[in-house]
Structure formats: C-alpha cells, structure tokens
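Below you'll find the structure, written out as structure tokens, and then a few comments.
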Amino acid sequence: MTEALVTRRAGPEDMPACARIVHDWVQQTDWMPKRFTLADFEEMFAEALPMREIYVVGKPVAGYLSFDPETARIIGLYTAARGRGLGKALVDRVKCGRDFACLHTHGPNTRAHRFYRREGFVPVEQIAEGDDGLPELRMEWRREVAA
C-alpha cells in the first residue's frame, strides 16, 4: 500500500483538514444546501472526535471517514480527490474486524451509490427526507460468511 493510501486514526490536529474537505465538497456540489460555514464544520468535527472513530488518509489529509461504533454507521466519507482509492482505503479500514456496517447517502449522489455498491453495500431503504432536507438512501454491508 502506498503511503497515500495508509489510513490512521484522526486526532484533533486533523479536524481542520477534514472540515475543509467537506466544506469544499458542499461548495462544489450544486444540489447540496449551503447551510454551514467552514468554521461551523470545524466546530462539528471537533465535537464529533471524542464520540466517533474518525479515520484519515493521505499526507496531507486527503480524505476522512467518520464511524459511529455503537450503531455501526458510517456518518460521513469525503475525499478531496476521487478515483484514487482513498475512499476504498477508508471503507476497508472500517470493515476490518467487523461483520456489518451501514450508512445513509444523499439521494442525488449517484456517484456515491455506485461506489458503495462496488464496496458491497446494498440499498435497504429510501428515506424521503434526511437531516439536510434531501432524500437519502440507507445502505448496508454484511461480511459474507463462507459456507
């Protein structure tokens, strides 16, 4: 694995970079509501760090994944560059040692839907309106058990 694809547990020093990745994605995505400033995202990340497993990839940080171990839910996965294996490396990190994970993805984000399907997630529920007012798709992954 190249150094760019090495994942590690995030620390407080990584939160500004994670916030920047999400902020930039929101700003570049036409259908995404622009409700939060960069400072808002930085505050949200600082508050989430003690409650979640947050992983980062890249030097400098080029992607992150936030995971709630109590619910086995991926809360967020964003990368600064698509198609370079960053998201896959982060999802593989969360799958390691687990038999189940779930997530919600924005309904309009068909690119994310294709990515998650490639990673073994299957759609299980359509949600009319998520926290940000957009429709969402709930997806689940289960480790295949050898027969």
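We did not get these values from a lab; they are worked out from the coordinates using the rules stated. No experiment lies behind these values; they were computed from the predicted model shown. Backbone-built Cβ (ideal geometry, glycine too); neighbour counts: all protein chains shown.
Helix-only estimate, please: 222 nm mean residue ellipticity of the chain, summing -39500 (n - 2.57) across DSSP H runs of length 4 or more and dividing by its residues, to the nearest 500.
Numbers: 4 runs with 44 residues, N = 147.
That calculation yields -9000 deg cm²/dmol at 222 nm.
Which residues does the label zone of ARG98 cover in region 38-81, counting backbone N under 15 Å from a point 7 Å along Cα→Cβ?
Of the residues in region 38-81, 51-56, 64-78 have backbone N under 15 Å from the label point off ARG98.
Please list, ordered by chain and number, the residues whose modelled amide H lies under 5 Å from the amide H of ILE75; skip anything fewer than 5 residues away on the same chain.
Residues meeting the criterion, in which the H sits 1.01 Å from N, are SER66, PHE67, ASP68.
Quick one: 3J(HN,Hα) in Hz for region 54-65, Karplus 6.51/-1.76/1.60 with θ = phi - 60°, rounded, Gly and Pro as x.
Running phi through 6.51 cos²θ - 1.76 cosθ + 1.60 with θ = phi - 60° gives 10, 10, 10, 9, x, 9, x, 4, 10, x, 8, 9 Hz.
Which percent, to the nearest 5, of DSSP beta bridges fully inside the chain are antiparallel? Mind dumping the intermediate values first?
Working: 26 of 28 bridges.
Counting only bridges with both partners in the chain, antiparallel ones make up about 95 percent.
Which aspartates and glutamates, if any, have their Cα less than 19 Å from the Cα of LYS95, not counting same-chain residues under 8 positions apart?
In chain and number order, the partners are GLU53, ASP68, GLU70, GLU119, GLU140, GLU144.
If you take the C-alpha gyration tensor of the chain, multiply each eigenvalue by 5 and take the square root, what semi-axes do you get, largest first, in whole Å?
Numbers: eigenvalues 97, 80, 43 Å².
Taking √(5λ) for each Cα gyration eigenvalue gives 22, 20, 15 Å.
Exactly which trypsin sites (Lys or Arg not before Pro) in region 1-40 are in a DSSP loop and have at most 16 other Cβ atoms within 10 Å? Mind showing how you got there, number by number?
On the way: sites: ARG8, ARG9, ARG20, LYS34, ARG35; in loops: LYS34, ARG35.
Here the trypsin sites (Lys or Arg not before Pro) that fit, given the DSSP loop and packing criteria, are LYS34, ARG35.
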